[in-house]
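Participant: Just passing along the structure, written as structure tokens.
Please treat every number below as a calculation from the coordinates, not as lab data. Note that the coordinates shown come from a computational prediction; the quantities given were computed from them, not determined experimentally. Cβ coordinates were reconstructed from backbone atoms using ideal geometry, including for glycine residues, and neighbour counts include every protein chain displayed.
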């Protein structure tokens, strides 16, 4: 005897209790964090104070939290019904925005990777439980390209591999 399958929905309340309204607020918060990070760019040097570094790093951490929530919401909303054009449109919009955010804040990772070992060690030691993240970033130093090349790869990934995965 065959049983009818029920279509169930993801419960995204824990991620965004207010749904799309909360998502719009998160997108506003993301833009604010990006602008705050961009304001630091002219001050980045080997002799940036540890307190300034930690303030910037906290913004980076907050930005990562916000982008993860927005990305997860869009992905799960789309995964719920891959035939829903509104969900696909939302996921495309969020993916494009997240790529733009990555490109606008890429300078931080590149700056950190390019620091002298001595300067980087000061910041890593001050980062506490987040020091592993910084140490992991430094491991990729030999494989890092210029900022413009890294940005091009981000855009290529968005339009190339992401598109292929959806197909």
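Participant: Gain in length, residue 148 to residue 130, computed as 0.36 nm per residue apart minus the alpha-carbon separation, to one decimal in nm?
Facilitator: Computed gain between residue 148 and residue 130 is 3.8 nm.
Participant: What is the fewest-to-most order of 132, 75, 123, 143 by other Cβ atoms lying within 10 Å of their Cβ?
Facilitator: 143, 132, 75, 123
Participant: Using a Förster radius of 41 Å, what is the FRET efficiency between residue 118 and residue 21 based on their Cβ-Cβ separation? Nearest 0.05, please.
Facilitator: My answer for the efficiency is 0.30.
Participant: Once you have the Cα-Cα distance between residue 155 and residue 32, take 0.36 nm times their residue separation minus that, and quote the gain in nm to one decimal.
Facilitator: Length gained between residue 155 and residue 32: 42.1 nm.
Participant: Between helix 50-80 and the chain, what is the angle of the helix's C-alpha long axis to the longest principal axis, kept within 0 to 90° and rounded to the nearest 10?
Facilitator: 20
Participant: I've got another one for you. Would you mind checking the tilt of helix 85-114 against the longest principal axis of the Cα atoms of the chain, expressed as 0 to 90 degrees and rounded to 10?
Facilitator: Helix 85-114 and the main axis of the chain meet at about 10 degrees.
Participant: Then there's this: With an 8 Å Cα cut-off and a minimum separation of 6 or more residues, compute the relative contact order for the chain in percent.
Facilitator: Relative CO of the chain lands at 23 percent.
Participant: If the label point is 7 Å along Cα→Cβ of residue 49, which residues in the stretch 123-141 have backbone nitrogen under 17 Å from it?
Facilitator: So the set is 123, 126-127.
Participant: Let me ask something else about it. Could you give the nm distance between label points at residue 58 and residue 106, where each point is 7 Å from its Cα heading toward the beta carbon?
Facilitator: Those two pseudo-labels are separated by 2.9 nm.
Participant: So, one more: Mark the label point 7 Å from the Cα of residue 93 along Cα→Cβ and return the residues of the stretch 63-81 whose backbone N is within less than 18 Å of it.
Facilitator: Backbone N within reach: 67-81.
Participant: What ranking do 141, 113, 156 get, fewest neighbouring Cβ atoms within 10 angstrom at the top?
Facilitator: Ascending number of Cβ neighbours within 10 Å: 156, 141, 113.
Participant: Something else now. Restricting to Cα atoms and excluding each atom paired with itself, what does the Kirkwood estimate give for the chain in Å?
Facilitator: The Cα-based Kirkwood calculation yields 18.0 Å.
Participant: What is the angle, in °, between the Cα long axis of helix 20-40 and the longest principal axis of the Cα atoms in the chain? Nearest 10 is fine, range 0 to 90.
Facilitator: Roughly 10 degrees between the two axes.
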